[in-house]
Amino acid sequence: MQKFLSVFFLISIITSVSAQTSDLKGFIYNKKSGENLGYVNIYLKETGQGTVSSEEGFYTLSKVKPGTYTLVADYLGFVTIEMKVELRAGNILRQNLYLTEKDNTIEEFKVSARRNNQLNTVNISRVQITKKQLNKLPSIGGEADLIQYLQIVPGAVFSGDQGGQLYLRGGSPIMNKVLLDGMTIYNPFHSIGLFSVFDADIIKSADVYSAGFGSEYGGRISAIVDVKTEDGSKNKSSGKLSFNPFGAKALVEGPLREFEVGKGGSSYVLSYKNSYLDKSSQIIFPYLGENKLPYSFSDLYGKLSFSSGTGSSFKLFGFNFQDNVNFTETSFDWNSSGLGANFLVLPAGSKVLVEGVAAYSNYKIKQEESDSKPRYSDISNFNIGMNFSYFKNKDEIKYGFEINTFKTNFELFNSSNRKIEQVENNTELNAYFNYRKFIGKRLIIEPGFRFQYYASLLNFSPEPRFRAKFIISKTLRAKLAGGIYSQNLLSSVNDLDVVNLFYGFLSSPEGFSNSLEQDVNNNLQKSLHGVGGFEWDLGKHSDLNLEAYIKDFGQLININRNKIYDDNGKNAGKLDMLKKDFVIENGKAYGFDLTYLFEKNRFYFWSVYSYNNVIRNDGIEKYRPHFDRRHNINLVMSIYLDKNKTWEFNSRWNFGSGFPFTQTQGFFENITFQDGLSTDVSRANGDLGIVYAAVNKGRLPDYHRLDLSLKKTLKSNEKNRKFVGSASIVNVYNRANIFYFDRISFERINQLPVLPSISVSYEF
């Protein structure tokens, strides 16, 4: 690792040396709020040499001949500024820019940002979710939630309304890494499947990479969800209080030191959510049944932000998320907490932007059932990393390293009452390199490479990545991506499980059941991604995007559901597949996604059609995992009903073809033969045994659901104060969507019925 660091800093020194020319660099801010502005057009008026600011608002113009120039910053929605700059040979001039918002140009601003992003990044298999987009969806209880929007991204499948998990383009939840300000979140969704741990009001952006992600991300083999939060207002104190039948929320933010041009500022933000669904559902929704909705949770998040006049920043953040479920025969709870810090600095005399993160988190979950032994999982994680970005006009070289350590403590008894346990310490070291290069005016390439070393397993995983975009015309672009990915982390949830509220974690074990009759040369899960597609601008206000993908999961590791013997000397002659804790599998996922966006003035429309095909092979048979939904359609519409935008109507309709399931062929009396061959079968009372058909050869009925909401905003005479009332209905026409079928009681268990709710919030 010391060698890696030496190389990185050496590159930084070399790339910052230029004797005969000059360089210009800086950050671009919203003058009023102090927020960084990404994808702003920057150029020198006299030469036309220009660039586009990065997502963090950083820009650089390299190898400029010495002289006096007019620097122009042009961004729709903001006043164009021009200023004189004097550049000297061998000098690097730092010049921050502060743009002033125009009135009534929000639509132009959004279009400009989106178009600049599309023309200057590859942006394949990526959906960037903003706070405004979150509010376009009908929400449970009137509060926007990230989990609702994740369900409508291309390739997403959500397995159920109660205890459901997110699957992205054929990957299981354990194959998705969820980050919060650079910190890993091990369980981002509460048990009921309707709420996430994130407060939508403090989300700055959420980037979802569903396939073919770049070399800066690693440790997962399917997808990345990267959530970044707002820093808190640097110029005024504000807050929000909200109440609905499911819970309540409080948010406060404000400056510690008000933002000043050239001086920076500091701020805080604190958010708290608490549910009382377990109590309110018994009164409001008596038709839900005996258990009602026995869920409760609380989410706490806080952040301190400090920025200097040079553009450097430091942020300290922490969280505590809790979840509890109490059914008649099952109860469990989990707790997730963490503390982290990140920084951004632009050293004087350097063109290299330096970012860093250090974070610690812990996740514990415990489940108790009346008819089985308790389940327990505990994972603690510490990660530290640094990223270096070197810009040469539009080109960018990005490299960095990360050290990730985690400890697992796991205990579970499978359906055969065989114990599976693990206590492991793991260390992962990685370094990456990524180069975004503009070739002419039409081609953008992004070759990258990730060096992933799993020190605890003594496994080295070289992972090349490649992304590219070809600009066919002003309105049409082709793109592709591919790469190799690996991970060490495992989940207690098997891909054959339909309902499993217990979501624990393990690391890759040392020994496997070699049921696939193949050589096992490493302890890692592996995948290969390939993605290709097109994006069209169908006018100023609409976009069409088509992407096809394939994921080859060359090696997967699952908990062995067939274990019936203890792995000891007594059972040395038994088959591995019957005594090992884990089995090796493989599989493939392929499909395509078609998305259409139209956004103009008061109207917003988003549609997604996804075709998915997923298959797994456990060495015994090929099967369809329970989330193999062949067709999925989402239609989202949002419209302001009046010119002042005080009335807002939102709707979402979702259709999904049926999930696979294992059919029942018959029943029998399962006698255990406790007395061996002397057991009297004529008098023994056995349990009900089930004869199953082939795994997941059947298909459940299709799923569809309509959600609606109506919001009214009342502004007070006092500045920045307003009341928002909301009425929403989930499953408007009360569709009986099946969740699963209880084979023993012969009872069909449906997902949520019609759920009306109202809410009120006060912003100040």
**Asked** Is there a residue being among the charged types (D, E, K, R) and buried (at least 21 other Cβ atoms within 10 Å of the Cβ) anywhere in region 205-213?
**Response** no
**Asked** Out of all the residues in region 722-729, is one or more among the hydroxyl-bearing types (Ser, Thr, Tyr), at pLDDT 90 or above and under 30 Å from SER761 (Cβ atoms)?
**Response** yes
**Request:** Please find, among THR130, THR100, the residue that is surrounded by fewer than 20 Cβ atoms within 10 Å (Cβ to Cβ), modelled with pLDDT of 75 or more, closer than 24 Å to TYR29 by Cα and outside the structural domain of LYS712 (by TED's automatic domain parsing).
**Result:** THR100
**Asked** Being surrounded by fewer than 11 Cβ atoms within 10 Å (Cβ to Cβ), of a type outside the set (A, V, I, L, M, F, W, C) and either modelled with pLDDT under 70 or farther than 29 Å from LEU194 by Cα (or both), is that true of even one residue in region 709-718?
**Response** yes
**Request:** From the list LYS622, LYS645, pick out the single residue that is in contact with a Lys or Arg (Cβ under 9 Å, 6 or more places away or on another chain), without any contact (Cβ under 8 Å) to a residue 40 or more places away in the chain and of a type outside the set (A, V, I, L, M).
**Result:** LYS622
**Prompt:** Inside region 180-222, can you point out the residues that are closer than 20 Å to ALA359 by Cα and hydrophobic (A, V, I, L, M, F, W, C)?
**Reply:** LEU180, MET183, ILE185, VAL197, PHE198, ILE202, ILE203, ALA206
**Request:** May I ask you to verify whether PHE259 is among the aromatic types (Phe, Trp, Tyr), at pLDDT 85 or above and either more than 26 Å from LEU501 (Cβ to Cβ) or not assigned by TED's automatic domain parsing to the domain that holds VAL178 (or both)?
**Result:** yes
**Request:** Please specify each residue of region 220-232 satisfying the condition of being farther than 20 Å from GLY155 by Cα and buried (at least 22 other Cβ atoms within 10 Å of the Cβ).
**Result:** THR229, ASP231, GLY232
**Asked** Tell me, which residue of region 588-609 that is closer than 24 Å to GLU621 by Cα and in contact with a Ser or Thr (Cβ under 9 Å, 6 or more places away or on another chain) is surrounded by the fewest Cβ atoms within 10 Å (Cβ to Cβ)?
**Response** GLY591
**Request:** Pull up region 551-581, narrow it to residues that are free of Cβ contacts under 8 Å to residues at least 40 places away in the same chain and outside any loop (DSSP other than H, G, I, E, B), then point me to the one that is nearest to the chain's Cα centre (by Cα).
**Result:** ASP552
**Request:** Taking the options LEU480, LEU458, LEU476, name whichever one is closer than 18 Å to ASN404 by Cβ, in the same structural domain as VAL531 (by TED's automatic domain parsing) and either aliphatic (A, V, I, L, M) or in contact with a Pro (Cβ under 7 Å, 6 or more places away or on another chain) (or both).
**Result:** LEU458
**Asked** Out of all the residues in region 400-450, which are among the hydrophobic types (A, V, I, L, M, F, W, C) and within 26 Å of the chain's Cα centre (by Cα)?
**Response** PHE401, ILE403, PHE406, PHE410, LEU429, ALA431, PHE433, ILE444, ILE445, PHE449
**Message:** So, LYS588, is that one in contact with a Phe, Trp or Tyr (Cβ under 8 Å, 6 or more places away or on another chain) and not in a strand (DSSP E or B) or not?
**Reply:** no
**Complete:** Among (1) touching a residue at least 40 places away in the same chain (Cβ under 8 Å); (2) more than 30 Å from PHE449 (Cα to Cα); (3) buried (at least 21 other Cβ atoms within 10 Å of the Cβ), SER267 falls short only on (1)
**Complete:** How many residues of region 142-154 are out of contact with any helix residue (DSSP H, G or I) (no Cβ under 9 Å at 6 or more places or on another chain) and not in a loop (DSSP other than H, G, I, E, B)? The answer is 3
**Asked** Within region 610-624, how many residues are out of contact with any Ser or Thr (no Cβ under 8 Å at 6 or more places or on another chain) and among the β-branched types (Val, Ile, Thr)?
**Response** 2
**Selection within region 271-293 - modelled with pLDDT of 85 or more and surrounded by 18 or more Cβ atoms within 10 Å (Cβ to Cβ)** = SER271, LYS273, SER275
**Prompt:** farther than 23 Å from LEU506 by Cβ and buried (at least 20 other Cβ atoms within 10 Å of the Cβ), is that true of LYS479?
**Reply:** yes
**Item:** When residues of region 323-340 are limited to those that are surrounded by fewer than 18 Cβ atoms within 10 Å (Cβ to Cβ) and not β-branched (Val, Ile, Thr), the one modelled with the lowest pLDDT
**Value:** GLU329
**Request:** Mind listing whichever residues of region 691-721 are in contact with a Ser or Thr (Cβ under 6 Å, 6 or more places away or on another chain) and not in a loop (DSSP other than H, G, I, E, B)?
**Result:** TYR692, LEU708, SER709, LYS711, THR713
**Request:** Return a yes/no flag: does region 204-220 have any residue that is closer than 28 Å to ASP593 by Cβ, of a type in the set (Val, Ile, Thr), touching a Lys or Arg at 6+ places or on another chain (Cβ under 6 Å) and not in a loop (DSSP other than H, G, I, E, B).
**Result:** no
**Message:** Is it the case, given these coordinates, that LEU457 is in contact with a helix residue (DSSP H, G or I) (Cβ under 9 Å, 6 or more places away or on another chain), in contact (Cβ under 8 Å) with a residue 40 or more places away in the chain and of a type outside the set (D, E, K, R)?
**Reply:** no
**Asked** From the list TYR43, TYR69, which residue is buried (at least 17 other Cβ atoms within 10 Å of the Cβ), assigned to a strand (DSSP E or B), in contact (Cβ under 8 Å) with a residue 24 or more places away in the chain and touching a Leu at 6+ places or on another chain (Cβ under 6 Å)?
**Response** TYR69
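The values are calculated or read from the model by the stated rules, or taken from the named source; none is laboratory data. The shown structure was predicted, so the numbers you read here are calculated from the model rather than taken from an experiment. Positions of Cβ are generated from backbone atoms using ideal geometry, with glycine treated the same way; all protein chains shown enter the neighbour counts.
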